[in-house]
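Below is one structure, written out as structure tokens, with a few remarks after it.
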Amino acid sequence: GLAVLSLAVLLNGDGSGGGGAYGRVLAYLVLATSVLVMSLLTFVFTAPVIGRVTWVRRRYLVLIHDVLLQFMESIEWLTGTNNKGYIMHLTVEKLLRYGYVKPDEMDEVCSMAIVRNPYSRMVSIYMYNRFGSKESFTHFVKSWYDLMIHYRTKRECEEYYTPCHCLPQFEFTHVAGEQIVQSVVKQEELKFLKTKEGAEEVIKKDSSVADLPAPVRDALLGMPHTNKRKTDKKWWDYYTQETLDLTYELYHDDFHVFEYDAVLTQRPDLKSPLRKVPPTKSKRQSMLRNSSLLASDEKLKRKASIKRVSMLSHNKQVLSDRTLKVLQEEFEEDCKKVDRHRLSNLSERSETSMSTSTN
């Protein structure tokens, strides 16, 4: 719009008089700035460049987040882009810590996340972030592995160090090992929700979507797949033994949390990556399809985790010192409730056991 306005001024102005000269200079300046910004957004600040070229991404973050959005963001209205990034790119921990979502809201709303097989996801990441069709999948995965050095070594999730597309999926759903998002749905299971009749049928068969809250199930019914990318072969055919091992090393927690098989069954010629990265007992909670079905003590534990994350916020405009103090007191009280509930359960079990032995 500014570029068109500047062209109109240049074409219609005669340049006579001081005001006309200044007007033409200003028009040229605005036009040049518009062309520069348009060129940067079209050819430089693209997903592959921002995601994979660190120095470009960091300058983009400074320009967009630290300059423009400092006075344009709206936390109240959640316009999509704020000075901490795009809302849809933020992990649940960041949403709470930055104050974009309040603890009570996260605890009460019907939230959900859709996850997918990490092997399939890596191919999708490749198709979106590759430098043209000539870049091989093997070269991309090696480059992606190097790009994730800050996450691999320090678990660094800030966009300045680790692009959001690099992060494992559990980072978007879990905090400190606890699942915070209420419901998790596997992309592979969306086929059960293409029609209402089909959903009712699979629910009768006690399928994996049976436990989903009704609002989530209804929202997913008939959801179209609008951004599907065409490939010249099946996603599993992109893999070699090397890329399979690297992908599993990067996202092994996703395999455990979301219960995906580490063995690529479609490729019997490839060995299991578990031979190089043996499975370890994860401290992260396995996927829950509906956390509202948790036992009462587990619900309290989830609520306490949500409040704990919010207390880490440094945004004083969102969380004042008084609010932080209240949250701290509530968190401590929740922890006491969990302990009392567990002690009560243990006492009841002990009494039941003693009664049984007496009889």
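The values are calculated or read from the model by the stated rules, or taken from the named source; none is laboratory data. Keep in mind the model is a prediction, meaning the values are calculated, not measured. Surface accessibility is based on the protein's heavy atoms, side chains included, excluding ligands, DNA and RNA. Shrake-Rupley method; radii C 1.70, N 1.55, O 1.52, S 1.80 Å.
Which whole-number value in Å² is the accessible area per residue of region 53-179, probe 1.4 Å?
Counting only protein heavy atoms, the per-residue value for region 53-179 is 48 Å².
Restricting attention to the alpha-carbon atoms of region 93-244, what are Rg (one decimal) and Dmax (integer), both in Å?
18.0, 49
Could you tell me which of the pairs LYS102/LYS191; LYS154/LYS234; LYS134/LYS233; LYS194/LYS230 are separated by over 25 angstrom between their Cα atoms in the structure shown?
Among LYS102/LYS191; LYS154/LYS234; LYS134/LYS233; LYS194/LYS230, the Cα-Cα distance tops 25 Å for LYS102/LYS191; LYS154/LYS234.
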